[in-house]
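The values are calculated or read from the model by the stated rules, or taken from the named source; none is laboratory data. All values derive from a computational prediction rather than experimental measurement. We place every Cβ from the backbone using ideal geometry, glycine too, and count neighbours over all the protein chains shown. When the accessible area is computed, the model is the full protein with side chains, heavy atoms only, and any ligands, DNA or RNA have been set aside. Shrake-Rupley method; radii C 1.70, N 1.55, O 1.52, S 1.80 Å.
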Amino acid sequence: MTRYRLLEHAPGAPGLRWFGLGPDLRPTRGLLKLQRLLRKHAFWAQDRNQYQLKRMLAGSTVVVSLWRGKRLVGFGRATSDGIHRAVLWDVVVAGDLQGRGLGRRVVEALLSASAIRKAERVYLMTTNSAGFYQQLGFDIADHQQLLVRRQ
Ligand SMILES: CC(C)(COP(=O)(O)OP(=O)(O)OC[C@H]1O[C@@H](n2cnc3c(N)ncnc32)[C@H](O)[C@@H]1OP(=O)(O)O)[C@@H](O)C(=O)NCCC(=O)NCCS
(Lines give C-alpha, C1' and ligand atoms only; values in the text may rest on other atoms or scores of the structure.)
Protein backbone atom coordinates (compact mmCIF):
# COMPACT_ATOMS: atom_id res chain seq x y z
CA MET A 1 0.00 0.00 0.00
CA THR A 2 1.37 3.45 -0.90
CA ARG A 3 2.04 5.53 2.17
CA TYR A 4 1.90 9.29 2.01
CA ARG A 5 3.14 11.51 4.82
CA LEU A 6 1.60 14.90 5.30
CA LEU A 7 3.81 17.40 7.15
CA GLU A 8 2.47 20.53 8.77
CA HIS A 9 5.51 22.72 9.18
CA ALA A 10 6.07 25.31 11.86
CA PRO A 11 5.20 28.88 10.75
CA GLY A 12 7.77 29.96 8.18
CA ALA A 13 8.84 26.29 7.75
CA PRO A 14 12.36 26.87 9.19
CA GLY A 15 13.44 23.22 8.90
CA LEU A 16 12.47 22.98 5.24
CA ARG A 17 13.80 26.45 4.53
CA TRP A 18 17.23 26.14 6.11
CA PHE A 19 17.99 22.43 6.08
CA GLY A 20 15.67 20.99 3.43
CA LEU A 21 14.10 18.76 6.08
CA GLY A 22 11.45 16.25 5.06
CA PRO A 23 9.69 13.43 6.96
CA ASP A 24 11.15 12.52 10.37
CA LEU A 25 13.16 15.75 10.23
CA ARG A 26 15.63 14.14 7.85
CA PRO A 27 17.55 16.33 5.38
CA THR A 28 16.17 15.48 1.92
CA ARG A 29 17.11 18.56 -0.15
CA GLY A 30 13.52 19.61 0.32
CA LEU A 31 13.98 23.11 -1.03
CA LEU A 32 15.34 21.80 -4.32
CA LYS A 33 12.47 19.31 -4.47
CA LEU A 34 9.99 22.10 -3.87
CA GLN A 35 11.56 24.14 -6.65
CA ARG A 36 11.24 21.17 -9.03
CA LEU A 37 7.66 20.40 -8.01
CA LEU A 38 6.61 23.99 -8.68
CA ARG A 39 8.62 24.17 -11.90
CA LYS A 40 6.98 21.07 -13.30
CA HIS A 41 3.42 21.30 -12.05
CA ALA A 42 2.64 24.91 -11.07
CA PHE A 43 2.58 27.09 -14.19
CA TRP A 44 2.49 30.32 -12.13
CA ALA A 45 5.55 29.43 -10.06
CA GLN A 46 7.93 27.91 -12.60
CA ASP A 47 10.71 30.46 -12.31
CA ARG A 48 11.08 30.77 -8.55
CA ASN A 49 14.67 30.40 -7.40
CA GLN A 50 15.73 29.01 -4.04
CA TYR A 51 16.37 32.40 -2.52
CA GLN A 52 12.81 33.41 -3.44
CA LEU A 53 11.39 30.15 -2.11
CA LYS A 54 13.12 30.75 1.21
CA ARG A 55 11.61 34.22 1.45
CA MET A 56 8.23 32.78 0.44
CA LEU A 57 8.33 30.11 3.15
CA ALA A 58 9.51 32.59 5.76
CA GLY A 59 6.50 34.74 4.98
CA SER A 60 3.95 31.90 5.16
CA THR A 61 1.80 31.34 8.22
CA VAL A 62 0.97 27.72 7.38
CA VAL A 63 3.02 25.39 5.18
CA VAL A 64 2.01 21.83 4.29
CA SER A 65 4.06 19.30 2.34
CA LEU A 66 3.11 15.80 1.24
CA TRP A 67 5.68 13.05 0.79
CA ARG A 68 5.86 9.59 -0.65
CA GLY A 69 9.08 8.26 0.85
CA LYS A 70 11.70 10.88 0.03
CA ARG A 71 9.72 12.25 -2.88
CA LEU A 72 7.90 15.56 -2.40
CA VAL A 73 4.54 14.97 -4.12
CA GLY A 74 2.36 17.81 -2.85
CA PHE A 75 2.57 21.27 -1.35
CA GLY A 76 0.39 24.13 -0.19
CA ARG A 77 0.74 27.22 1.96
CA ALA A 78 -1.37 29.98 3.46
CA THR A 79 -1.03 33.41 4.98
CA SER A 80 -3.33 34.66 7.71
CA ASP A 81 -3.80 37.49 10.20
CA GLY A 82 -5.32 34.91 12.53
CA ILE A 83 -8.71 36.59 12.83
CA HIS A 84 -10.10 38.35 9.75
CA ARG A 85 -8.51 37.15 6.54
CA ALA A 86 -6.49 34.21 5.26
CA VAL A 87 -5.37 33.30 1.73
CA LEU A 88 -4.33 29.92 0.32
CA TRP A 89 -1.39 29.88 -2.11
CA ASP A 90 0.53 27.47 -4.33
CA VAL A 91 -1.52 24.29 -3.86
CA VAL A 92 0.01 21.66 -6.13
CA VAL A 93 0.16 17.87 -6.54
CA ALA A 94 2.64 16.04 -8.79
CA GLY A 95 1.03 15.39 -12.16
CA ASP A 96 1.24 11.59 -12.08
CA LEU A 97 -0.50 11.50 -8.68
CA GLN A 98 -3.31 13.94 -9.34
CA GLY A 99 -6.89 12.72 -9.03
CA ARG A 100 -6.23 10.47 -6.01
CA GLY A 101 -7.44 12.74 -3.23
CA LEU A 102 -4.01 14.18 -2.40
CA GLY A 103 -4.91 17.76 -3.29
CA ARG A 104 -7.92 17.46 -1.01
CA ARG A 105 -5.64 16.32 1.82
CA VAL A 106 -3.34 19.29 1.34
CA VAL A 107 -6.21 21.82 1.34
CA GLU A 108 -7.95 20.20 4.30
CA ALA A 109 -4.71 20.34 6.28
CA LEU A 110 -4.31 24.04 5.46
CA LEU A 111 -7.92 24.78 6.40
CA SER A 112 -7.69 22.92 9.70
CA ALA A 113 -4.59 24.82 10.86
CA SER A 114 -5.49 27.09 13.74
CA ALA A 115 -4.48 30.37 12.03
CA ILE A 116 -6.72 29.56 9.07
CA ARG A 117 -9.63 28.11 11.07
CA LYS A 118 -9.83 31.28 13.14
CA ALA A 119 -9.99 33.59 10.12
CA GLU A 120 -13.42 34.91 9.27
CA ARG A 121 -12.84 34.49 5.51
CA VAL A 122 -10.47 32.36 3.47
CA TYR A 123 -9.63 33.49 -0.07
CA LEU A 124 -7.78 31.94 -2.97
CA MET A 125 -7.12 32.63 -6.62
CA THR A 126 -7.29 29.93 -9.25
CA THR A 127 -7.13 29.87 -13.02
CA ASN A 128 -8.42 26.38 -13.78
CA SER A 129 -9.28 24.57 -10.56
CA ALA A 130 -12.43 26.30 -9.28
CA GLY A 131 -14.33 23.00 -9.33
CA PHE A 132 -11.73 21.42 -7.07
CA TYR A 133 -12.09 24.19 -4.49
CA GLN A 134 -15.89 24.27 -4.74
CA GLN A 135 -15.87 20.65 -3.57
CA LEU A 136 -13.99 21.87 -0.53
CA GLY A 137 -16.53 24.51 0.46
CA PHE A 138 -15.32 27.55 -1.53
CA ASP A 139 -17.76 29.66 -3.54
CA ILE A 140 -17.08 31.79 -6.58
CA ALA A 141 -17.22 35.41 -5.40
CA ASP A 142 -19.46 37.00 -8.04
CA HIS A 143 -19.83 40.15 -6.00
CA GLN A 144 -16.10 40.86 -5.80
CA GLN A 145 -13.44 41.74 -8.34
CA LEU A 146 -9.86 40.58 -8.43
CA LEU A 147 -7.46 43.47 -9.00
CA VAL A 148 -3.77 43.07 -9.71
CA ARG A 149 -0.87 45.52 -9.59
CA ARG A 150 2.18 44.06 -11.28
CA GLN A 151 5.45 45.29 -9.79
C1 LIG B 1 -5.64 21.26 -8.51
C2 LIG B 1 -4.91 20.12 -7.80
C3 LIG B 1 -4.16 20.67 -6.59
C4 LIG B 1 -5.95 19.11 -7.31
O5 LIG B 1 -5.27 18.06 -6.66
P6 LIG B 1 -5.68 16.55 -6.94
O7 LIG B 1 -4.91 15.68 -6.02
O8 LIG B 1 -5.58 16.27 -8.40
O9 LIG B 1 -7.23 16.58 -6.54
P10 LIG B 1 -8.06 15.50 -5.70
O11 LIG B 1 -7.78 14.14 -6.26
O12 LIG B 1 -7.84 15.71 -4.26
O13 LIG B 1 -9.52 15.96 -6.13
C14 LIG B 1 -10.56 16.18 -5.21
C15 LIG B 1 -11.80 16.37 -6.04
O16 LIG B 1 -11.69 17.56 -6.85
C17 LIG B 1 -11.87 17.23 -8.24
N18 LIG B 1 -10.93 18.02 -9.03
C19 LIG B 1 -9.59 17.90 -9.04
N20 LIG B 1 -9.05 18.83 -9.87
C21 LIG B 1 -10.07 19.52 -10.40
C22 LIG B 1 -10.15 20.62 -11.30
N23 LIG B 1 -9.06 21.18 -11.84
N24 LIG B 1 -11.38 21.09 -11.61
C25 LIG B 1 -12.50 20.53 -11.08
N26 LIG B 1 -12.48 19.49 -10.18
C27 LIG B 1 -11.29 19.00 -9.86
C28 LIG B 1 -11.57 15.75 -8.33
O29 LIG B 1 -12.24 15.15 -9.41
C30 LIG B 1 -12.07 15.21 -7.00
O31 LIG B 1 -13.45 15.00 -7.05
P32 LIG B 1 -14.10 13.63 -6.43
O33 LIG B 1 -13.77 13.69 -4.95
O34 LIG B 1 -15.55 13.79 -6.74
O35 LIG B 1 -13.42 12.52 -7.13
C36 LIG B 1 -3.94 19.37 -8.75
O37 LIG B 1 -4.67 18.86 -9.84
C38 LIG B 1 -2.81 20.24 -9.27
O39 LIG B 1 -1.78 20.34 -8.63
N40 LIG B 1 -2.96 20.85 -10.48
C41 LIG B 1 -1.89 21.64 -11.08
C42 LIG B 1 -1.61 22.87 -10.27
C43 LIG B 1 -2.86 23.71 -10.08
O44 LIG B 1 -3.49 24.11 -11.06
N45 LIG B 1 -3.16 24.04 -8.79
C46 LIG B 1 -4.26 24.92 -8.42
C47 LIG B 1 -3.70 26.24 -8.08
S48 LIG B 1 -4.92 27.40 -7.64
Shape category assigned to the stretch 1-109 from the gyration tensor of Cα positions, a/c cut at 1.5: rounded
Extension gain (nm, one decimal) between residue 125 and residue 148, 0.36 nm per residue minus Cα-Cα: 7.1 nm
Carbon/sulfur fraction of accessible area - the chain, other protein chains in place, 1.4 Å, %: 50
Computed helical MRE - 222 nm, the chain, DSSP H runs ≥ 4 contributing -39500 (n - 2.57), nearest 500: -8500 deg cm²/dmol
Neighbourhood charge, 14 Å Cβ-Cβ cut-off, centred on residue 26 and excluding it, Lys, Arg +1 and Asp, Glu -1: +4
Solvent exposure of the chain as accessible area per residue, Å², 1.4 Å probe: 62
Cα→Cβ-extended label distance, 7 Å offset, between residue 104 and residue 52, nm: 3.3
Whether the stretch 93-147 is rounded, prolate or oblate, judged on the alpha carbon gyration tensor where a/c under 1.5 counts as rounded: oblate
Values of log10 I(q)/I(0), in the order q = 0.21, 0.29 Å⁻¹, for the stretch 63-122 under a Debye, Cα-only, solvent-free model: -0.74, -1.12
Cβ crowding within 10 Å averaged over residues, with 139-148, 39-48, 122-131, 59-68 ranked highest first: 59-68, 39-48, 122-131, 139-148
